[in-house]
Each structure stands twice: as structure tokens, then as C-alpha cells.
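Q: Before I ask anything, let me first share the structure, which is written out below as C-alpha cells.
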Amino acid sequence: MKLFTKYTRVNLFATIVIFLLSITTFYFAIRFILLDQVDSDLRIEQREIETYVKEHNTLPEPIPVKDQKISYAPSGDEFHKKKFSTITIKGEKDSFRVLQFGITVSKNNYLATVAKSLEGTDDLANSILFISLATILLIMGTSLIINRVLLKRLWRPFYSSLDILKNFRVDKKQSLNFPATQIDEFAFMNQTIQKTTNQAQQEYSLLKEFTENASHEMQTPLAIIRSKLDLLIQDENLSEGQSKTMQSAYSAIEKLSRLNQSLLLLAKIENNQFAETTTIDLKQKIEEKVDAFHELWKNQNISVSSSLANATASLNSELTDILLNNLLSNATRHNFSNGCIKIVLKEKTLEISNSSKEKELNSQQMFLRFFSQDKKSRYNGLGLSIIKQICDVSGFSIRYLFTGNEHRFILSW
């Protein structure tokens, strides 16, 4: 949900609640004031009746008036308290406000009732309520329109900066040119982003340079050591023990070289140095890899079955090769003679499974660097980490299943 939409909803909800409470309070306040005015009129009528009785010692004749009714009823007891009430009189559609009070004429007690119609009062209260409601709705509508237009204009620099930032790439030497804004907060945000992105570009350049230098500088001495060991191994004067020592050293150098290459590859992937993507025909790529691995599988007596549908994905070409090579190498390395490998490609998924005598992998740790269930393994434990890293940067998800002595890796995009 957008911030503007969230703010509008909260603001509208709060406004409606406040206005409803205000309207309700205003209505009852107006009704109370109007009833108090009617009660005041009834008290005036009471005083006029009492004055008339004092002067003439008789009850005044009730004068028929449209919105007022006066009546007297004999009362056995003297009525000391006056009583206000609102009633509905039979035959009348409007309610009446009634005042009852006691009065004594020639030592005879009477209960006087003065009733005044509330038709005008109710009409006035309803008219005031309607006008207030219409005014409030007009204010709300106007406020909503103004807020919508005004807030969109106020937030326009933010969205402009966001659009510029979306196209920013740390591996490209590009500067961010934000539009000028008179809003201090947005100007400060743009300055902070500008400073942060410049710093990120500098750090990226230094890290990229270090990675490239490390790759070159480490491979050179490793190649020299390897060539020297080759010469020593070929020396016919070596004893059997010395030969085994040289073979062990040579294997360690090979492992160190692979470790160096794998770590540098991971660093390049994490630094987004394979950002260029293109549409890859996965079926064609897999067929090429199957042909490349054919001789190896044949020598190890591993049978391969494949079901390849047409499928494409937006990937970096170099990373695609590394991903498929690692998946197929992993399926081959952890297989056995007379084992099998299955490759199933669908429109949005790729599954590669292999038979194995090894137990199920730990799904919580298998993609961690240097993870290996067999501590004596001659491999560096980075293959699955590289696969996971490539999937992450490519927008793929990867799942691992173990069923019927088969390790299954399923990629989805």
C-alpha cells in the first residue's frame, strides 16, 4: 500500500469519526437548547395562569390554539411540584412538551396541564442537522480533493528521486542528478543518497580491483608451484615415500587453486559483476552440457535420462554455464557406477536428480560455505554455495528433496 493511500485512509477515517461525534453532540445540544426554550415558554404560561387566578379567583378559559393545549383536572391533593415531560397525544402526529403543576382556586385543588407542540422545534433541529451534515460532507469532500492534489504535488520530488534511484547500478560509473526541490526533507534525502551512492561506487571499485588483483597474483605463484611439483614428481630418483609426499602436496595445491577460484567467483557474484543478462534458451544449453558430460558419464557407467521442454529465462550467459556445470558435476561426483542422473526441464522449472549411496543432506546447512557432510572430502564445499548464490542473483528459487536414495535439486523461476 502506498504511503499516500495509507495517509488518505487514516485521515478519512479519523475525519469521519470526528465529524460523526461532532454531529451527534451538536444535534443533542441544539435539541436541548430548543427544549429549554419550549420549557421557558411553558413556565411563562404557568405564571400567566397563576396571575389570572390570583386576580379573578377563577381558572382562565382555555383558548384553543393550534400548537398549544391547556386543560384542568380536579385533584384531591395539593400538587406542589411541577413536572416536565414529552408525550404523544392520540390523534396528533407530532409530540408535545407538557408542563403539569398544581393550582388552588377557592380552596379547590386542580392539576393544570399545559402542552406545547414540538413540531416547529423538531423541524428546526432536523433542518439544522441537515445543514450541518451537508456542510460537513462538503468540507470533507473539498478537503479530500485538496489533499489529494496537494499531497501528490508535495510528494512528486520523492517519486522522481525514487525513479532515478531505481536505475542506479553500482557497477556503472554514473552520477545521480536529482531534481531541485524546495522541501528541506527531500533535499536532505537527495544529498544523503548522493553521498551514499558515491561512497558505494568507490568501495565497489576498490573491491573489484582487489578481486581482479587477487585472482591474478594468487594464480601466478600457484601455477609456478604446480609446475615445480610436476618436475619433481617426474624425477626418477625419488623414493616411493618422497613420491607420495609430492603427490599429496600436488593435491593440496590443486585444492587450493580450486578454492581460490571458487571464492573469487563468489565475490564477483556478490559484487554484481555479472549484471548483464540476456534471454537464454535453457533447452539448448542443457543439451550442450549433456553432450560435454557424455564421455565422463560413459566412463563411469552412469545412465542419463532427460525430458526437455522449451524454456527460456533472463540470465547472465556466463553464470548459466557455471550453474549448469556445478549442478551436473555435483550429480556426477556424488553418484556411483551403474547409477543414474535424471534431467527434467519444464517451462518454469528445472529438476536434476542423481542416485547416491550418501545419506540425505542437511537442508538447513547445505548451502553454507565450506559445508561438507564428509569431513574427509577432497572438495572445498563451495559448489552448493555457488549454485545458491547464482540462483539468488538471478531471481531463481532452489529446493532440495531426498526421495528413494535420490538427491533432487529443483530450480524455479
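Q: Please give the solvent-accessible surface of SER262 in Å², to the nearest 10, using a probe radius of 1.4 Å with every protein chain present.
A: 20 Å²
Q: Simple spin-label model, 7 Å along Cα-to-Cβ: GLN247 to TYR400 in nm?
A: 3.2 nm
Q: Continuing with the same structure: Modelled label-to-label distance, SER127 and GLU50, 7 Å Cα→beta-carbon offset: nm?
A: So the two model labels end up 3.3 nm from each other.
Q: Right, another one. Given the C-alpha atoms of region 118-266, compute the convex hull and give its volume per residue in Å³. Intermediate results must be reported in sequence, preceding the final value.
A: Numbers: hull volume 27.2 nm³, N = 149.
Taking the convex hull of the Cα positions in region 118-266, it is 183 Å³ per residue.
Q: Quick one: what do you get for region 149-205 if you divide its Cα Rg by 2.2 N^0.38 Å?
A: So the Cα radius of gyration is 1.22 times the expected 2.2 N^0.38 Å.
Q: Counting pairs of Cα atoms in region 62-113, how many percent are more than 15 Å apart? Walk me through the intermediate numbers first.
A: On the way: 699 of 1326 pairs.
In whole percent, the share of Cα-Cα pairs in region 62-113 beyond 15 Å is 53.
Q: So, one more: Could you tell me the distance between the Cα centroids of region 191-244 and region 97-131, to the nearest Å?
A: 104 Å
Q: For ALA200 and GLU360, what is the calculated FRET efficiency with R₀ set at 30 Å and r taken between the beta-carbons, to the nearest 0.05? Present the calculation step by step, with values, prior to reporting the outcome.
A: On the way: r = 41 Å, r/R0 = 1.36.
E(calc), rounded to 0.05, equals 0.15.
Q: Any idea of ARG97's accessible area? Nearest 10 Å², probe 1.4 Å.
A: 40 Å²
Q: Another question, then. Once you put a point 7 Å from the Cα of ASP281 and another 7 Å from the Cα of ASP321, both along the Cβ direction, what distance in nm separates them?
A: Computed distance between label sites ASP281 and ASP321 equals 1.8 nm.
Q: Could you please state how large a percent of the accessible area of the chain is carbon and sulfur, counting protein chains only and using a 1.4 Å probe? Write out the running numbers ahead of the final one.
A: Values: 14500 of 26480 Å².
Carbon and sulfur together cover 55 percent of it.
Q: Also, I was wondering about something else. If you take every residue apart from LYS93 with its C-beta less than 12 Å away from the C-beta of LYS93, what net charge results, scoring Lys and Arg +1 and Asp and Glu -1?
A: On the way: positive: LYS90; negative: GLU92, ASP94, GLU119, ASP122.
That sum, taken over residues with Cβ under 12 Å, equals -3.
Q: If you average 1/r over every pair of different alpha-carbon atoms in the chain and take one over that average, what Kirkwood value in Å do you get?
A: Working: mean 1/r = 0.0315 Å⁻¹.
About 31.7 Å, per the Kirkwood formula over Cα pairs.
Q: What does the charge add up to near LEU59, with Lys and Arg as +1, Asp and Glu as -1, over the other residues with Cβ less than 14 Å from its Cβ?
A: On the way: positive: LYS54, LYS107; negative: GLU45, GLU48, GLU50, GLU55, GLU61.
Its environment carries a net charge of -3.
Q: What figure, in Å² to the nearest 10, do you get for the accessible area of ARG31 with a 1.4 Å probe and non-protein molecules left out?
A: Using a 1.4 Å probe on the heavy atoms, I get roughly 60 Å².
Q: Right, another one. For the pairs LYS285/LYS388; LYS172/LYS289; LYS208/LYS228, note any where the Cα-Cα span goes beyond 27 Å.
A: Numbers: LYS285/LYS388 19 Å; LYS172/LYS289 32 Å; LYS208/LYS228 31 Å.
Table pairs above 27 Å Cα-Cα are LYS172/LYS289; LYS208/LYS228.
Q: Give me the extension gain from ASP163 to ALA180: residue separation times 0.36 nm, minus the current Cα-Cα distance, reported in nm with one decimal.
A: Working: separation 17, 0.36 × 17 = 6.12 nm, distance 1.46 nm.
Contour length minus the Cα-Cα distance gives 4.7 nm.
Q: Averaging the inverse of every distinct alpha carbon separation and then flipping it gives the Kirkwood radius. What is it for region 65-157, in angstrom units?
A: On the way: mean 1/r = 0.0566 Å⁻¹.
About 17.7 Å, per the Kirkwood formula over Cα pairs.
Q: Something else about it: Which residue fluctuates most in the GNM of the chain (Cα springs below 10 Å): VAL98, VAL65, VAL344?
A: Looking only at VAL98, VAL65, VAL344, the biggest GNM fluctuation is shown by VAL65.
Q: For region 214-356, what are Rg and Dmax over the alpha carbons, in angstrom?
A: 19.5, 60
Q: In Å, what is the Rg of the alpha-carbon atoms in region 202-280, and how long is Dmax?
A: Here Rg and the maximum Cα pair distance are 17.8, 57 Å.
Q: Below 13 angstrom from the Cβ of ILE146, what's the summed charge of the other residues (Lys, Arg +1; Asp, Glu -1)? Could you put the intermediate results ahead of the total?
A: Details: positive: ARG148, LYS152, ARG153; negative: none.
Spelling it out: positives minus negatives among the neighbours equals +3.
The values are calculated or read from the model by the stated rules, or taken from the named source; none is laboratory data. Just so we're clear, the structure is a prediction, and the values are computed from it rather than from any experiment. Because the Cβ atoms are built from the backbone with ideal geometry, glycine has one as well, and the counts that use them run over all protein chains shown. Only protein heavy atoms, including side chains, enter the accessible area calculation; ligands, DNA and RNA are left aside. Shrake-Rupley method; radii C 1.70, N 1.55, O 1.52, S 1.80 Å.
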